[in-house]
Amino acid sequence: MAVRELSCSLAMAEALKEEMERDKTIFIIGEDLVSNGGIFGQFRGLPELFPDRIIDTPISETAIVGAGVGAALTGMRPIIDMHFADFVTTAMDEIVNQMAKIRYMFGGQAKLPLVLWAPDGSGLNAAAQHSQCLENWFVHVPGLKVVVPSEPADVKGLLKAAIRDDDPVIFFQHKKLFNQTGPVTEEKYIVPLGKAVVRRAGTDVTILTYSRMTYFCKEAARELARQGIQAEIIDLRTLMPLDFASIAESIRKTRHAVVVHEACTTGGFGGELSARITEELFDLLGGPVVRIGARHVPMPFSPVMEKYVLPQVEDIVAGVKKALRR
Amino acid sequence: MKISNLEKKALLRKMVEIRLFEEKIGLLFQQQLIPGFVHLSIGQEASTVGSCSALRTDDYIISTHRGHAHILAKGAEPKYMFAECFGKVTGYCKGKGGSMHIADFSKGILGANGVVGGGFPIMTGAGFSIKLRGTDQVGMVFFGDGASNRGTFHEAVNMAAVFKLPIVFVCENNRYASTSPAEKMVAGGSVANRAHAYGIPGVINDGSNVLAVRDSVAEAVERARRGYGPSIIENETYRYKGHFEGDRQRYRTPDEIQQYRLTRDPIDRFETLLIDEGVATQKEIDAMKTAVAAEIEDAVRFAMDSPLPDPHEAMQGLFVNP
């Protein structure tokens, strides 16, 4: 089978088309899906193929997310389009108190096979209310799975896995990566949830990252290599469930770890990961686990300030040196 | 809506079952045999039983924190409900839900919801699901006067009206949202009034008249079933007990409660009607009440005798695929 270069957008559309053709209980619900194929064009071509299963709603995020929950409880597999990940705040009760709890709280009587698809991240100068990475909020709440892909092939494979999964999955897709291209096989495949992947092999330090920062880390690794440091990059892909076995395997080899994400460092997933590595792998570690993330302010608008607040390649290089105490 | 004498007697029996269930829960709570807190709906039986009697088993309901009655009226069994309230492994939710979170999906009971107004958006989803699957089921979401002030209500009613979703919104206006009187908190005079803004029917019923409720709700259910969309039903009712058991109820007088009990009690009224109509005799009704009381005692015994969950069970059932 041939391998094409596809963007994350096209990889996503392909996943949706394949799944919706396969399973008639899948439908997409959200705002502005039909006329432009989604605000990022992510659903282009699908309304024509599945006119009854792509539902444009009023601007009512609470009801949209709640509708996903209710439809999942009654035999459907909804995909909820959150418009922008920042808007999860308008449906937090539906996500945290309903979606995450209903199965457990009712003693396992129900299942909630749904995907909440949320485009997140900065880099578009969209400022404070349209740029956030909020994945760690949902990792913290028991009952939700959290997916954070970086490459087009994973967008496709993980989205298919998320759709087929019988549990609620929050699928964060980075806005700045919609046009990012990468190889995607024509063969049908699935990328299972909860499996990390090594993007670059190395022996000196393990860089744990996900989503857009994977690309920043690759660039940092090239610079580090020039300085004689071989970094291993692990793209976590899924934060819940977390592939800690792969993380531990790499750290056993490198004895050093750096966590890199775009979300604010304080209270971010890096803190959880750092704590767990320290608790479980303390004797292996040759230095502190270093966290790299955004500075602790809302995202400012002006491009120069946005860049300043976000982690940059040189921050990652410096972070690795700090971890190695060089 | 036509109703046989047998069905009338069944309505009375269900109201009595709910009353005795709730009284028993109150007593067991006082005796500190039920952990947590409980919200009783004694006094509201006609609203609940009348509404659920218009539904089929495959129709859906979503209930509230004050939800025992809805769940019983939709066909759940008292013994598993008591067991759940005791936190026993034999309960509907294996002891993970408790009084405020009981569900029985096999009876279309999509759960009581501990968040006031939490059920509205979920029922819109059931509505979409019904439409997409092409069945003629109906969803009924119960709520109080207080919940009608949440944004979830307005988003869901608008959504249901826009898409003509098969949903009946049943407000049980018991006059108090926790401690706050409805007349001080609900703008526009009534909850049913709000229906006009969304272009759907809004009806106010005497919520202590089980047949009036049944007729009015049946019309809304039929409308939904035929694809004409949602309605709002407001049953004017009253709760005799506090917001929760132990509530000191400084917001109303004992006289007010007594007045309702004496003049508008849904069970007393329906009993009198059935005797006047010659549908049942006092002797028959007394015998039925004795039988229901014995069933309730049996159900409590089942729950009492059931084992507690193994604490490790707490780690089971979060995900289908962990």
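Given the conditions (1) aliphatic (A, V, I, L, M); (2) in contact (Cβ under 8 Å) with a residue 24 or more places away in the chain; (3) touching a helix residue (DSSP H, G or I) at 6+ places or on another chain (Cβ under 8 Å); (4) over 21 Å from A:Val96 (Cα atoms), which single one is not true for A:Val34?
Among (1) aliphatic (A, V, I, L, M); (2) in contact (Cβ under 8 Å) with a residue 24 or more places away in the chain; (3) touching a helix residue (DSSP H, G or I) at 6+ places or on another chain (Cβ under 8 Å); (4) over 21 Å from A:Val96 (Cα atoms), the lone unmet condition for A:Val34 is (2).
Taking the residues in the range B:15-65 that are among the charged types (D, E, K, R) and part of a loop (DSSP other than H, G, I, E, B) as candidates, determine which candidate is surrounded by the most Cβ atoms within 10 Å (Cβ to Cβ).
Checked the range B:15-65; the qualifying residue surrounded by the most Cβ atoms within 10 Å (Cβ to Cβ) is B:Asp59.
Against the conditions (1) modelled with pLDDT under 95; (2) under 24 Å from B:Ile233 (Cα atoms), where does B:Thr48 fall short? Just the number, please.
Among (1) modelled with pLDDT under 95; (2) under 24 Å from B:Ile233 (Cα atoms), B:Thr48 violates only (1).
Determine which single condition A:Pro113 fails, assuming it passes every other condition in (1) crowded, with 21+ Cβ neighbours inside 10 Å; (2) within 21 Å of the chain's Cα centre (by Cα); (3) more than 11 Å from chain B (Cβ to nearest Cβ); (4) modelled with pLDDT of 95 or more.
Going through the list (1) crowded, with 21+ Cβ neighbours inside 10 Å; (2) within 21 Å of the chain's Cα centre (by Cα); (3) more than 11 Å from chain B (Cβ to nearest Cβ); (4) modelled with pLDDT of 95 or more, A:Pro113 breaks only (3).
Can you pull out the residues in the range B:114-135 that are of a type outside the set (Phe, Trp, Tyr) and more than 11 Å from B:Leu165 (Cα to Cα)?
B:Gly114, B:Val115, B:Val116, B:Gly117, B:Gly118, B:Gly119, B:Pro121, B:Ile122, B:Arg133, B:Gly134, B:Thr135
Output the qualifying pairs, or none if there are none: Cβ atoms under 7 angstrom, residues six or more apart or on different chains, first residue in the range A:67-81 and more than 7 Å from chain B (Cβ to nearest Cβ), second residue polar (S, T, N, Q).
Qualifying pairs under 7 Å: A:Arg77/A:Thr25.
Scan A:Asp56, A:Asp52, A:Asp93, A:Asp32 and give me the residue that is assigned by TED's automatic domain parsing to the domain that holds A:Ala118, at pLDDT below 95 and closer than 22 Å to B:Gly125 by Cβ.
It is A:Asp32.
Evaluate the following for A:Asn97: is it within 16 Å of the chain's Cα centre (by Cα) and either part of a helix (DSSP H, G or I) or surrounded by 20 or more Cβ atoms within 10 Å (Cβ to Cβ) (or both)?
no
Give the range B:125-153 a look and list any residue that's polar (S, T, N, Q) and facing chain A (nearest Cβ under 8 Å), or say none.
B:Ser129, B:Thr152
Being more than 7 Å from chain A (Cβ to nearest Cβ), open to solvent by 10 Å² or more (accessible area, probe 1.4 Å) and aliphatic (A, V, I, L, M): is that true of B:Met100 here?
Answer is yes for this residue.
In this structure, is B:Asn113 open to solvent by less than 30 Å² (accessible area, probe 1.4 Å) and more than 7 Å from chain A (Cβ to nearest Cβ)?
It is true that B:Asn113 is open to solvent by less than 30 Å² (accessible area, probe 1.4 Å) and more than 7 Å from chain A (Cβ to nearest Cβ).
Scan the range A:32-60 for residues that are open to solvent by 10 Å² or more (accessible area, probe 1.4 Å) and either part of a loop (DSSP other than H, G, I, E, B) or at the interface with chain B (Cβ under 8 Å from one of its Cβ atoms) (or both) and report the count.
16
Working only within the range A:61-77, note down all residues that are more than 19 Å from B:Asn158 (Cβ to Cβ) and not in a loop (DSSP other than H, G, I, E, B).
Listed by number, the residues that qualify are A:Ala72, A:Leu73, A:Arg77.
If you go through the range B:99-114, how many residues are in contact (Cβ under 8 Å) with a residue 40 or more places away in the chain and closer than 22 Å to A:Gly66 by Cβ?
Result for the range B:99-114: 9.
Could you list all residues from the range B:260-282 that are open to solvent by 70 Å² or more (accessible area, probe 1.4 Å) and not in a loop (DSSP other than H, G, I, E, B)?
B:Arg261, B:Leu262, B:Thr263, B:Arg264, B:Asp268, B:Arg269, B:Thr272, B:Asp276, B:Gln282
Find all pairs meeting these conditions: Cβ atoms under 6 angstrom apart; at least six residues apart or on different chains; first residue within the range A:310-326 and free of Cβ contacts under 8 Å to residues at least 60 places away in the same chain and surrounded by fewer than 21 Cβ atoms within 10 Å (Cβ to Cβ); second residue of a type outside the set (Lys, Arg) and in a loop (DSSP other than H, G, I, E, B).
As it stands, the answer is A:Arg325/A:Gly287, since those pairs meet every condition given.
Does the range A:4-22 hold any residues that are surrounded by fewer than 19 Cβ atoms within 10 Å (Cβ to Cβ) and free of Cβ contacts under 8 Å to residues at least 60 places away in the same chain, and which are they?
Hits for the range A:4-22 are A:Lys17, A:Glu21, A:Arg22.
Residue check, B:Gln30 against (1) in contact with a Gly (Cβ under 9 Å, 6 or more places away or on another chain); (2) under 18 Å from B:Ala69 (Cβ atoms), all met but one. Which one?
Failing condition for B:Gln30: (2).
Check off (1) touching a residue at least 12 places away in the same chain (Cβ under 8 Å); (2) on the phi > 0 side of the Ramachandran plot; (3) more than 19 Å from the chain's Cα centre (by Cα) for A:Ile229 and give me the number that stays unchecked.
It fails just one condition, (2).
Any chance you could count how many residues in the range A:161-196 are away from chain B (no Cβ under 14 Å) and under 14 Å from the mean Cα position of the chain (by Cα)?
10
The values are calculated or read from the model by the stated rules, or taken from the named source; none is laboratory data. Not measured: the values here are computed from a predicted model. Quick reminder, even Gly has a Cβ in these numbers, built from the backbone with ideal geometry, and neighbours come from all protein chains shown. These area figures cover heavy atoms from the full protein model, side chains too; ligands, DNA and RNA do not enter into them. Shrake-Rupley method; radii C 1.70, N 1.55, O 1.52, S 1.80 Å.
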